[in-house]
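The values are calculated or read from the model by the stated rules, or taken from the named source; none is laboratory data. All figures in this text were calculated on a predicted structure; none of them were measured in a lab. Here the Cβ is made from the backbone with ideal geometry for all residues, glycine too, and neighbour counts use every protein chain on show.
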Amino acid sequence: MNTGRMRELGEKRSVIRELFEYGNKRKAEIGPENVFDFSIGNPSVPAPKEFSDELCRMLSEESPLALHSYTSAPGDLSARKSIADDLNERFGTSFGPENLYMTCGAAASLTISLSAVVGDGEEVILFAPFFPEYTVFVETAGGKPVTVPCRWPDFQIDFEKLSEVLNEKTAAVIINSPNNPSGAVFSEDSIKKLSSILSEAEEKFGRKIYLISDEPYRELVYGEIKVPFVTKYYNDTIICYSWSKSLSLPGERIGYILVSPENPDWKEVYSGICGAGRALGFVCAPSLFQHMIPKCIKMTSDISVYKKNRDLLYGALSDLGFEAVHPDGAFYLFVKSPEPDAKAFSEKAKKHELLIVPSDDFGMEGFVRISYCVSTEQIERSLPAFKKLAEEYSL
């Protein structure tokens, strides 16, 4: 373990967390109603009432020993079975509990998966823009992140650039759809072509290339948009999921890893997942929320609020002259900076108490991310500040 690297990570928070903490400080100084904090993806919509009611019932009626005791290391069998059954019903798959490993949210899922399939010095392809912690997770697993920018303006995969970087050292490719920070959803055509290219690369280089699909926003899509279920297109798939966004439970840290049984070597991969979970100390995810899963497997929070926020903010900023990616999913707006330096743009926004995240750490320069998983009232109150910011740039 590189102790210097760990100290560096501990001493300097991510740009998102830095803005979030700055926002907390400003709220204490001038009042929370005067700060327009769009920095962090903290769901503003509460968990479904049925979820809260069931949680209260379990805590009051069921045995505390049963609820709070250790589960098996990969997770409670009934939780894993309920997940497999739900996925099979929705996507026409044939998963069993033996394909699932319960985790402390998507971050744990990713770090475990990368540790299981990436060797020292091997490469992991990231499609930019991507969640900034991906680079931390890849490097900690001993891998080397390789960035491939998505196409502008639709933010689908640039397959020509992907083909240029695939080589005998490529161990994995991470996709995140719906995407944080752009809100883009990879189309079925994109997933089909990606699967074909990776299959050809596996044959060419004589090695496995794992497609790791990070899916905490899978249920957060709007209108008729569909998110392709990746195991149906590519055999060497590992899915990392979290209920942080779909059920508004970011602080509870509950999710899973799914190893596709279509991979002929899935048992070896699953053993690697179990071994990595053990080595990293990620065994027995929070048991209370594992026991909740069979009861809430069909639930989602009310995402209509996010759609309302998206339409309001996208429309208002477009009218003001800002250029943004139209998000089909998640709850982020990716806005083109009016000047080349997105960090400078973000600093100018601070003068109007607008906290928006520059895109540099997302692997792409020249944009800012605006999290619209806030109250609709905050968006409405922020519009005069955005107007002043637009006027500053003569938009």
If I ask for residues that are in contact (Cβ under 8 Å) with a residue 24 or more places away in the chain and more than 24 Å from the chain's Cα centre (by Cα), which ones from the stretch 35-51 would you list?
V35, E50
Please determine whether any residue of the stretch 248-266 is free of Cβ contacts under 8 Å to residues at least 24 places away in the same chain and touching an Asp or Glu at 6+ places or on another chain (Cβ under 9 Å).
no
Here are the criteria: (1) closer than 30 Å to A285 by Cα; (2) surrounded by 22 or more Cβ atoms within 10 Å (Cβ to Cβ). Tell me which single one I191 does not satisfy.
(1)
Restricting to the stretch 164-188, what's the tally of residues that are over 29 Å from D120 (Cβ atoms), surrounded by fewer than 24 Cβ atoms within 10 Å (Cβ to Cβ) and either among the charged types (D, E, K, R) or under 11 Å from the mean Cα position of the chain (by Cα) (or both)?
1
Exactly one condition in (1) in the same structural domain as T140 (by TED's automatic domain parsing); (2) on the phi < 0 side of the Ramachandran plot; (3) not basic (K, R) is false for M58; which is it?
(1)
Against the definition (under 18 Å from W243 (Cβ atoms), outside the structural domain of N99 (by TED's automatic domain parsing), surrounded by fewer than 16 Cβ atoms within 10 Å (Cβ to Cβ) and at pLDDT 95 or above), how does D85 come out, yes or no?
no
Can you find a residue that is over 22 Å from the mean Cα position of the chain (by Cα), in a loop (DSSP other than H, G, I, E, B) and hydrophobic (A, V, I, L, M, F, W, C) anywhere in the stretch 69-89?
yes
Take the stretch 101-136 and flag every residue that is in a helix (DSSP H, G or I) and either acidic (D, E) or over 20 Å from S271 (Cα atoms) (or both).
E133, Y134, T135, V136
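Matching residues to (1) in contact (Cβ under 8 Å) with a residue 40 or more places away in the chain; (2) touching a Ser or Thr at 6+ places or on another chain (Cβ under 8 Å); (3) within 26 Å of E21 (Cβ to Cβ):
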{"position": "L313", "(1), (2), (3)": "yes, no, yes"}
{"position": "S318", "(1), (2), (3)": "no, no, no"}
{"position": "V325", "(1), (2), (3)": "yes, yes, no"}
{"position": "F334", "(1), (2), (3)": "yes, yes, yes"}
{"position": "P340", "(1), (2), (3)": "no, no, no"}
{"position": "L354", "(1), (2), (3)": "yes, yes, yes"}
{"position": "F367", "(1), (2), (3)": "yes, yes, yes"}
{"position": "Y372", "(1), (2), (3)": "yes, no, yes"}
{"position": "Y393", "(1), (2), (3)": "yes, no, no"}
Picking from Y70, Y22, the residue that is farther than 23 Å from L220 by Cβ, touching a residue at least 24 places away in the same chain (Cβ under 8 Å) and touching a Cys at 6+ places or on another chain (Cβ under 6 Å) would be Y70
For Y22, work out the one condition from (1) assigned to a helix (DSSP H, G or I); (2) of a type in the set (S, T, Y); (3) at pLDDT 95 or above it doesn't fulfil.
(3)
Could you list, in sequence order, the residues of the stretch 155-188 that are assigned to a loop (DSSP other than H, G, I, E, B) and free of Cβ contacts under 8 Å to residues at least 60 places away in the same chain?
Q156, I157, D158, L166, N167, E168, K169, F186, S187
Please state which one of F155, F127 is touching a Cys at 6+ places or on another chain (Cβ under 6 Å), buried (at least 23 other Cβ atoms within 10 Å of the Cβ) and under 26 Å from N42 (Cβ atoms).
F127
Looking across the stretch 138-152 at residues that are under 18 Å from the mean Cα position of the chain (by Cα) and surrounded by 22 or more Cβ atoms within 10 Å (Cβ to Cβ), the single one that is farthest from A172 (Cα to Cα) is C150
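Yes/no matrix, rows are residues, columns are (1) more than 29 Å from I239 (Cβ to Cβ); (2) in contact (Cβ under 8 Å) with a residue 12 or more places away in the chain:
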residue: K12; (1), (2): yes, no
residue: R17; (1), (2): no, yes
residue: I30; (1), (2): yes, yes
residue: D53; (1), (2): yes, no
residue: G75; (1), (2): no, yes
residue: E89; (1), (2): no, no
